[in-house]
1. Of the residues that sit in the range 457-486 and are buried (at least 20 other Cβ atoms within 10 Å of the Cβ) and among the hydrophobic types (A, V, I, L, M, F, W, C), which one is modelled with the lowest pLDDT?
2. Which of the following residues is open to solvent by less than 70 Å² (accessible area, probe 1.4 Å), closer than 23 Å to Ile423 by Cα, within 47 Å of the chain's Cα centre (by Cα) and modelled with pLDDT of 85 or more: Val587, Val594?
3. Among the residues of the range 202-217 satisfying the criterion of being polar (S, T, N, Q) and open to solvent by 20 Å² or more (accessible area, probe 1.4 Å), which is farthest from Ala252 (Cα to Cα)?
4. Taking the options Ala559, Ala569, name whichever one is modelled with pLDDT under 85, open to solvent by less than 10 Å² (accessible area, probe 1.4 Å) and more than 16 Å from the ligand (Cβ to nearest atom).
5. With part of a strand (DSSP E or B), open to solvent by 10 Å² or more (accessible area, probe 1.4 Å) and more than 16 Å from the ligand (Cβ to nearest atom) as the only criterion, which of Arg495, Arg454, Arg446, Arg439 stands out?
6. Which one of these is crowded, with 17+ Cβ neighbours inside 10 Å and in a helix (DSSP H, G or I): Leu140, Leu100?
7. Only one of (1) out of contact with any helix residue (DSSP H, G or I) (no Cβ under 8 Å at 6 or more places or on another chain); (2) surrounded by 17 or more Cβ atoms within 10 Å (Cβ to Cβ); (3) at pLDDT 90 or above is not met by Pro406, so which one is it?
8. Can you pull out the residues in the range 358-390 that are modelled with pLDDT of 85 or more and of a type outside the set (A, V, I, L, M, F, W, C)?
Amino acid sequence: MSMEGAAWHSLWSTAGAQKDNGGVTRQTVRRTIAFAKPYRARLVVFVVFSVISAFIAVATPLLAGQIVNAIVARTDLQLIIFLAGMIALVAVAEAGVGLLVRWISSQLGEDVILDLRKSVFDHVQRMPIAFFTRTRTGALVSRLNSDVIGAQQAFSGTLSGIVSNLVTLVLTLIVMLGTSWQVTVLALVLLPIFLIPARRFGSRIASMRKEAANLNADMSTQMTERFSAPGATLVKLFGRPADESKEFFVRAARVRDIGVKSTMMQFVFVTALTFVSALALALVYGLGGFYAVRGDLAAGDVVVLALLLTRLYAPLTALASARVDLMSALVSFARVFEILDLKPLIDQKPEAKEFPTGPLGVEFDNVRFGYPAADKVSLASLEDVATLDARGGEEVLHGISFTAKPGETIALVGSSGAGKSTIAQLLARLYDVDSGAVRIGGLDVRDSTFDSLRSALSMVTQDGHLFHETIRSNLLLAKPEASEADLWSALRRARLESLIESMPDGLDTVVGERGYRLSGGERQRLTIARLLLVQPAVVILDEATAALDSTNEAAVQAALGEALRGRTAIVIAHRLSTIREADAILVLEGGNIVERGTHSELLAAQGRYAELYETQFAQADQGTGGASGSAESMPAAAQ
Ligand SMILES: Nc1ncnc2c1ncn2[C@@H]1O[C@H](COP(=O)(O)OP(=O)(O)OP(=O)(O)O)[C@@H](O)[C@H]1O
């Protein structure tokens, strides 16, 4: 197998399923080169200084040879002092140029990393929600970290190494051959003894590093999933911590083994290099000495050859593994490109428009929709599977049509899986419809700008996700320009003012991941405050199914009253009070609207709604005499 073949083999054996979608192709190489284009000028400066550095490197042995010749001839003391001074000067120049080359190459590498990070981050942000529901967070984070760093290596490490080593090697060989081709050729005879295992070692080490990188990615996935508050709760309630530990330990232990093995291999490699170059040195001194005694070679030339030889093996070794290094870097590039190539399914059209101002109605016009299959939205390597599932895409909404006039409230009820949340997600354009249209204020959401959609529509979800940041920054997310007075006004209307005031840090209190330090009701009120800051014309509300204590319940109801007032609302309803007050109730079953009307109309119709009411709700209603009490609830997700 050729060296390139060996490198590929070792990479593929660990990269596994990468072959289909993350493989290094000619296209990857071309794109990587295109990626380097903005840095062309700096690359040229870098190559120029690398060449200068290589020239300086051969100057010292040559000057040392001259000194030895002068000493042997016992002639000119001044010349010896001059040459020694030159050697000192060359040393200064070598250090200076060396620093400069390092500086240029590290700047180049860091700039590449910055560019790549920014483009990957921006691109991932544009991905549709379907992508995030499928991707393993840890795998994605590791792609942003380790692969981007791997790609950087291509520039700062591998590329600079190849250029300067190649120049040094060629120059050193030219000077050596010019000094004595016989001694040089003989010294090089030993080379294969060293280079053959060097190639093997290089690719083996690269493949072990790759395996370690994959294991590290797995560990970070496991940690991000298990160490989040909900993940940790799940492990405590249902999981087996011992099994989790074992799984983690097996991977960590393998990383340790790889660490020890690759360090040892590197050490053996360096020892072998030192040994072979020591043998070659013996040859140079022996054969060079022989020629010198015979008068065919000056004593100084023997010194030149010996000194140059010590500078020959290091670049040779580096070049022996350069291809493997380059391949690893290209694999990293390929993995980064793989993410950049994912098309954001939901994008803003160039001619996108803004929604009209003022109250807005909502219209679903014969909407059909199926969730996209995995292979449309994700990458196998990010889901931890070999190939993506092409199945799916079955229709879950079969021609949904309804209208909510500006200011109206529409309640969605129906069995679990009937399609209520799907309707909410289509309205928020988290997915695009397959056919038909979703319109807000008469404008198709697909023709609107993202900014305008964000200010026209807000969603209050059941779990009210909050970032692990201060209450203030969680609120400002909705309206960055909001004043202090705006924030407090929203909090007052969301019935949170006194709670936040009583906290020692007030608005600067940090709420834990998913807002875990707040109660369910408080969390939901904070998301309502967020909504009140945006003042959207349209509200989507997923009512909490969980029963809250009466104080919390009353506060949430009051906050919701504020949130819905004067706005068009689509509510996935669980409370009878909401359902009663809705302008229309849509009863969904299996992706169809099977009934529509008001509470009394639907009860009179004695259909599916009446059935849901009887089985799920009548008892609760009896308790309150049918009044719209705040604690009564009707599970919209009736089984
Ligand atoms: N991300 C998804 N990918 C694929 N299918 C999905 C996805 N989310 C929901 N579905 C499917 O779409 C159908 C409608 O689900 P939806 O969540 O809209 O129901 P729902 O009425 O809101 O139910 P619930 O009251 O239980 O939340 C179900 O068959 C469900 O399995």
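The values are calculated or read from the model by the stated rules, or taken from the named source; none is laboratory data. Treat the numbers as computed from the prediction; the structure is a model and nothing was measured. Here the Cβ is made from the backbone with ideal geometry for all residues, glycine too, and neighbour counts use every protein chain on show. The protein model used for the area step is the full one, side chains on, heavy atoms only, and it has no ligands, DNA or RNA in it. Shrake-Rupley method; radii C 1.70, N 1.55, O 1.52, S 1.80 Å.
1. Looking at residues that are buried (at least 20 other Cβ atoms within 10 Å of the Cβ) and among the hydrophobic types (A, V, I, L, M, F, W, C), I get Leu466.
2. Values: Val594 fails: open to solvent by less than 70 Å² (accessible area, probe 1.4 Å).
It is Val587.
3. Asn214
4. One residue alone meets the criteria, Ala559.
5. Arg439
6. Leu140
7. Here Pro406 meets the rest and fails (2).
8. Once the filter is applied, which keeps residues that are modelled with pLDDT of 85 or more and of a type outside the set (A, V, I, L, M, F, W, C), the range 358-390 yields Pro359, Gly361, Glu363, Asp365, Asn366, Arg368, Gly370, Tyr371.
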